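Read the structure below first, then the notes.
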Amino acid sequence: MSDPLFDDDDEANTPLTEEEREQLIPSYITLRSELNEAEQVNIGDALSWASARRRDVLDQNLLSELHRRMFGEVWRWAGQYRKSPRNIGIDAYLIPTEVRLAVDNARYWVENGTYPPDEIAVRFSHRIVAIHPFPNGNGRFSRLIADLLVEQLGRTAFTWGSASLVDAGATRAHYIEALRAADGHDFAALISFARS
């Protein structure tokens, strides 16, 4: 069975540019499974860091630092906004402005009780993943910030289908379907999936 490191046909991952691929830090990684494992260890460390500090998730600088901590042992570009176009997300030059707007909107929703806590966290996560601010890891990043935000709002973290969305075929398909519904401003399926 093939396990190529960079498979451009892998719909679970945003394709990286050649320059971004060259910024892989661990030299031992030659297979996708090794990359996934290294990233997962790094993400676990970031979760411990974020949980120990309980800082305000709605801070643009904290968001970049969290992404850096999630992927910084694996990728040199971790925590830095992407500079290249993608098949998903907005134009790269708009990223800082749109992330700031997403943070400001979520802060307004919290301060004014615009939506219930679960919906605020899911809407914020959805907007961040739609922006696609980083070269890769945007889905995992957006789900982690949703978990941290919903906990900050007094609820328990989401379960996101109770499976890893990196490898889980049917669970990932439900997640993608819920994201597409949210793209059309129907957040019910995404909120339900987040709590499933």
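The single residue among 158, 124 that is over 13 Å from the mean Cα position of the chain (by Cα), under 19 Å from residue 47 (Cα atoms), crowded, with 20+ Cβ neighbours inside 10 Å and of a type outside the set (D, E, K, R) turns out to be 158. Based on what the data block shows, is residue 182 surrounded by 21 or more Cβ atoms within 10 Å (Cβ to Cβ), modelled with pLDDT of 95 or more and in a helix (DSSP H, G or I)? Taking the combined requirement at face value, the residue satisfies it.
Of all residue pairs spaced 6 or more apart or on separate chains, those with beta-carbon atoms under 6 Å, a first member in segment 148-161 that is over 19 Å from residue 175 (Cβ atoms) and a second member that is part of a helix (DSSP H, G or I) are 153/117; 155/117. Take the conditions (1) exposed (fewer than 13 other Cβ atoms within 10 Å of the Cβ); (2) in contact with a Phe, Trp or Tyr (Cβ under 7 Å, 6 or more places away or on another chain); residue 39 misses just one of them, which is (1).
Among the conditions (1) touching a helix residue (DSSP H, G or I) at 6+ places or on another chain (Cβ under 9 Å); (2) farther than 20 Å from residue 184 by Cβ; (3) in a helix (DSSP H, G or I), the only one that residue 108 does not satisfy is (1).
Being out of contact with any strand residue (DSSP E or B) (no Cβ under 8 Å at 6 or more places or on another chain), closer than 18 Å to residue 136 by Cβ and among the charged types (D, E, K, R) narrows it down to one of 107, 82, so name that one.
Working: 107 fails: closer than 18 Å to residue 136 by Cβ.
The match here is 82.
Number of residues in segment 44-77 that are of a type in the set (Asp, Glu) and assigned to a helix (DSSP H, G or I): the value is 2.
So is residue 173 under 26 Å from residue 33 (Cα atoms), buried (at least 18 other Cβ atoms within 10 Å of the Cβ) and not acidic (Asp, Glu) or not? Judged against the criteria, residue 173 is not a match. Restricting attention to segment 185-196, the residues that are surrounded by 18 or more Cβ atoms within 10 Å (Cβ to Cβ) and part of a loop (DSSP other than H, G, I, E, B) total 1. In segment 85-114, the residues that are closer than 18 Å to residue 149 by Cα and of a type in the set (Phe, Trp, Tyr) form Cβ pairs under 6 Å with partners that are at pLDDT 95 or above and assigned to a helix (DSSP H, G or I), at six or more places apart or across chains, as follows: 109/120.
The values are calculated or read from the model by the stated rules, or taken from the named source; none is laboratory data. All of these numbers come straight from a predicted model, not from anything done at the bench. Because the Cβ atoms are built from the backbone with ideal geometry, glycine has one as well, and the counts that use them run over all protein chains shown.
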